[in-house]
Amino acid sequence: MKRDVLSALARLALALFLLMPLIPLAIWSVAHGWRFPALLPSELSLAAWSYALSPVSGVVGSLGLTFFIAAVTSVIATALAYPAGRALGRLRFPGRSVVLVLVLAPAVLPAIAVALGLQGLFLRMGWTGTIWGVVLAHLIPALPYPTLVLTAVFARFDPHHEDQARCLGARPLQVLLHVTLPAVLPGLRTGAVLAFLISWSQYLLTLSIGGGKVQTLPLLLFTFATSGRNDLTGAVAMIYVLPALAFMALLLRQRSKTAPLPNRTDR
Amino acid sequence: MLRILAVVLLVAAPAEAQTTDDTLLSGTWDQIVAEAEGGTVNWFMWGGSDQINRYVSDHVAKRLLADYGITLNRIGVADAVEVVNMVLAEKEAGIDTGGAVDLIWINGENFRSMRQADLAFCGYTGVLPNNVLVNWENPAIANDFGVPVDGCEVPWNTVQFGFAHDSATLPEPPRSMAELLVWIKANPGRFTYPAPPDFTGSAFVRHVFIHAAGGPENLLGPFDQSKYDEVAAKTWTILNEIEPFLWREGRTYPTTLVQMNELFANGEVAFTFNYDPSQFGLAVDAGIFPPDTRSFGLSDGTLGNTNYTLIPFNATNKAAAMVLQNLLLSPEEQLEKAKPEVWGAAPAIDILRTSAEVQAAFAALPKHPSVVAASELAAFALPELQADWLTAIEAGWRAEIGR
């Protein structure tokens with residue numbers, strides 16, 4: 001009983017912590033004239049929202065584009081991370097730690113170095129200014145996260161379960177669908193969401209590889225934030241942040257529902 | 001196979017681009033309009049104002065599509081320097097045709113960078129029919145911060161530096177640089193300026209520099225080291241004298257104009273200033289500045305400049321970009337964007353060269369109460385200094401004031 005109360009309080013605190021920065025943004029998005037020392041805006045206006053939602057601003061189209069790029073990046077990154085994570089988690093081979101460091105490298109290297117180096121390469125290949133070029137570029141910072149999550153998941157995964165299924169006559173596809181995937185599903189989901197959020201928040205890579213033609217939401221947001229338009233920044237920021245928060249909330253719900261991983265049997 | 005194809009394309013493309021460029025430079029306007037039809041212009045421009053965005057994406061784009069069958073794709077950027085770097089990167093990667101950028105809203109240092117790196121398409125401006133409305137005899141139009149335009153860009157707006165104050169708290173602002181310097185010392189903590197190389201802060205420092213020189217006369221023309229040393233010494237003395245009386249005792253300066261605008265909006269400082277006074281009106285309409293914001297020029301003059309549109313050397317759709325430039329120069333569009341409810345930007349064409357109706361319409365334009373009239377500013381206009389002076393003054397400020 002006491003534990004339930006504590007856990008509810010902890011959840012509430014976490015939710016508040018996540019939502020707090022959004023409150024001033026939400027107020028700004030409907031404020032017309034909010035100057036020091038007023039605690040609240042002198043007038044409310046929907047002008048910023050009506051601009052943000054009008055076709056002129058391109059925000060709605062940009063939201064769809066940002067979502068598409070993040071979703072494709074997430075699917076490809078997770079698909080690539082699955083075999084990599086399995087190999088790194090299960091096998092002990094020479095040079096394994098070197099591979100791990102290399103996998104981690106994009107998450108550690110400064111983004112500007114990656115962006116500048118990639119831009120020249122992508123320009124020569126003719127991939128700049130295209131959505132697929134941007135997806136390819138986003139894969140670089142996104143890949144380490146699902147790979148590391150799946151490495152940890154596969155390290156705890158007992159392949160004897162697969163052997164058992166095979167002994168009972170399951171074909172490789174059946175083993176994958178009925179034994180392996182259900183066991184690693186929470187890890188796959190976590191990795192996919194992390195890759196999605198990494199792509200969702202890219203600014204520099206999108207700007208340099210997209211050449212301005214692939215206008216994701218962070219690019220639009222930055223334009224308004226740097227020109228002192230707090231009302232427009234607030235409205236666009238809400239449109240930008242809410243889907244990401246919804247995605248995280250979905251993940252947390254799913255996580256608490258799913259069963260814990262099968263424990264590695266003692267040998 | 002693909003590799004062979006790529007080599008063929010790479011070899012063939014520049015030759016083809018060359019002939020197209022020649023048609024654009026020597027062909028008739030009708031040929032250019034015909035070639036432009038059905039094309040798309042990717043116009044990269046500062047995107048921080050919803051009103052300017054709306055004017056371009058709504059009004060200009062609709063006219064361009066209806067009259068010429070050209071699609072306008074406005075791409076908002078935070079700073080034009082991003083676009084300059086983009087074109088530079090393309091040139092370094094050997095992309096001489098089919099570049100991503102068709103048109104840039106540009107001036108000043110960014111134009112100089114593009115000229116120095118040979119990134120601009122040049123020599124075509126005479127082909128635009130509305131070019132006759134531009135007074136190229138005016139040195140402030142023919143030179144972009146002292147760099148000759150040389151047919152490499154087309155003027156869009158003219159602006160002149162103005163100061164803004166809140167008339168509710170400060171009814172009578174100082175009207176000359178000398179009075180302003182006295183006011184700053186009498187009102188500690190109520191004034192500041194963005195640290196150069198911020199565009200606007202740098203322009204403020206040039207006003208002090210010209211004041212220290214006793215006028216702009218000796219500063220025009222190419223950079224003169226001995227003249228600079230003499231005037232710079234006086235300038236740093238003035239700026240060091242006022243420093244303790246600035247916002248936060250001058251221990252720190254805002255780094256951007258946006259930061260200073262915020263200080264002004266919140267009443268922390270009594271003034272803000274802008275190279276484009278129509279921005280004061282836009283800020284009041286957006287609820288950022290207090291409604292009683294008023295603006296003014298200095299009796300010893302304020303600096304003026306022109307901003308332009310430029311086609312990069314490797315633009316994919318030069319013909320369509322030229323048609324757009326010509327449309328922007330037309331009397332109707334220069335009038336449209338001059339309306340205070342649209343933007344309030346002063347024209348880059350010579351109004352006297354337009355029809356009587358257009359002249360009357362310009363004369364009848366309502367004035368935004370927060371925006372000082374362009375004619376009032378123009379009575380005391382200072383010419384911009386050449387780019388080498390700017391660089392020297394910015395470097396001097398960093399060494400002497402911004403340590």
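No value in this document is a laboratory result; all are computed from the given coordinates. The structure displayed is predicted, hence computed values, not measured ones. Positions of Cβ are backbone-derived with ideal geometry, glycine not excepted, and every protein chain shown enters the neighbour counts.
Tell me the Kirkwood hydrodynamic radius of the protein assembly as shown in angstroms, computed as one over the mean inverse distance between distinct C-alpha pairs.
Taking every pair of different Cα atoms in the protein assembly as shown, averaging 1/r and inverting gives 28.3 Å.
Per 5 Å bin from zero, what fraction in whole % of the C-alpha pairs of region A:1-114 is there, up to the bin with the longest pair?
Going from the shortest bin to the longest, the percentages are 2, 8, 8, 9, 10, 12, 13, 13, 11, 6, 4, 2, 1, 0.
Starting from the Cα of residue B:318, draw a straight line to each of the lysines and keep only those under 27 Å, dropping any in the same chain fewer than 8 residues away.
Hits, sequence-local ones excluded: A:213, B:62, B:91, B:337.
Cα extents of region B:314-403 along the three principal axes, largest first, in whole Å?
Sorted largest first, the three principal extents are 53, 42, 24 Å.
If the viscosity is 1.567 mPa s and the temperature 4 °C, what translational diffusion coefficient in µm²/s does Stokes-Einstein give for chain A when Rh comes from Kirkwood over Cα pairs?
Taking Rh from Cα pairs, D becomes 61 µm²/s.
Report the per residue volume, in Å³, of the convex hull enclosing the C-alpha atoms of chain B.
It is 151 Å³ per residue.
For region B:262-329, report the translational diffusion coefficient in µm²/s to the nearest whole number, using Stokes-Einstein at 20 °C, 1.002 mPa s, and a Kirkwood Rh over Cα pairs.
Rounded, D is 139 µm²/s.
Over the protein assembly as shown, what is the percentage of antiparallel beta bridges among all DSSP beta bridges, to the nearest 5?
The answer is about 65 percent antiparallel.
Please arrange A:2, B:318, B:337, B:62 by how many other C-beta atoms lie within 10 Å of their C-beta, fewest to most.
Ranking A:2, B:318, B:337, B:62 by Cβ neighbours within 10 Å, fewest first, gives A:2, B:62, B:337, B:318.
Normalised by the empirical 2.2 N^0.38 Å for globular proteins, what value does the Cα Rg of region B:178-234 take?
That ratio works out to 1.27.
Suppose only helical runs count, i.e. DSSP H with n ≥ 4. What mean residue ellipticity at 222 nm does that imply for chain B under -39500 (n - 2.57) per run, divided by all residues and rounded to the nearest 500 deg cm²/dmol?
-13000 deg cm²/dmol, from helical runs alone.
Just to confirm the number: angle between the C-alpha axis of helix A:181-200 and the first principal axis of chain A, 0 to 90 degrees, nearest 10?
So the helix axis and the longest Cα principal axis differ by about 30 degrees.
Over the Cα atoms of region A:41-95, compute the convex hull volume and normalise it per residue, giving Å³.
142 Å³
Report the dimensions of region B:100-253 along its three principal axes from the alpha-carbon atoms, largest first, rounded to Å.
55, 43, 32
Roughly what angle does helix B:225-242 make with the longest principal axis of chain B, taking Cα atoms, 0 to 90 degrees, to the nearest 10?
Helix B:225-242 sits roughly 50 degrees off the main axis of chain B.
What number, rounded to the nearest 500 deg cm²/dmol, is the helix-based mean residue ellipticity at 222 nm of chain A, given -39500 (n - 2.57) per DSSP H run of at least four residues and division by all its residues?
-23000 deg cm²/dmol
How large is Rg over Rh for region A:133-211, taking Rg from the Cα atoms and Rh as the Kirkwood inverse mean of 1/r across Cα pairs?
1.18
Give me A:116, B:246, A:173 ranked fewest to most by other Cβ atoms within 10 Å of their Cβ, as a rough exposure proxy.
A:173, A:116, B:246
How many times 2.2 N^0.38 Å is the alpha carbon radius of gyration of region B:364-403?
Ratio of Cα Rg to 2.2 N^0.38 Å: 1.88.
Ranked by Cβ crowding within 10 angstrom, fewest neighbours first, how are B:300, B:229, A:4 ordered?
Fewest-to-most Cβ neighbours within 10 Å comes out as A:4, B:229, B:300.
Need one value for A:225-234: mean number of C-beta atoms belonging to other chains within 10 Å of its residues' C-beta atoms.
Average per residue, whole number: 6.
Volume per residue, Å³, of the convex hull around the alpha-carbon atoms of region B:9-135?
133 Å³
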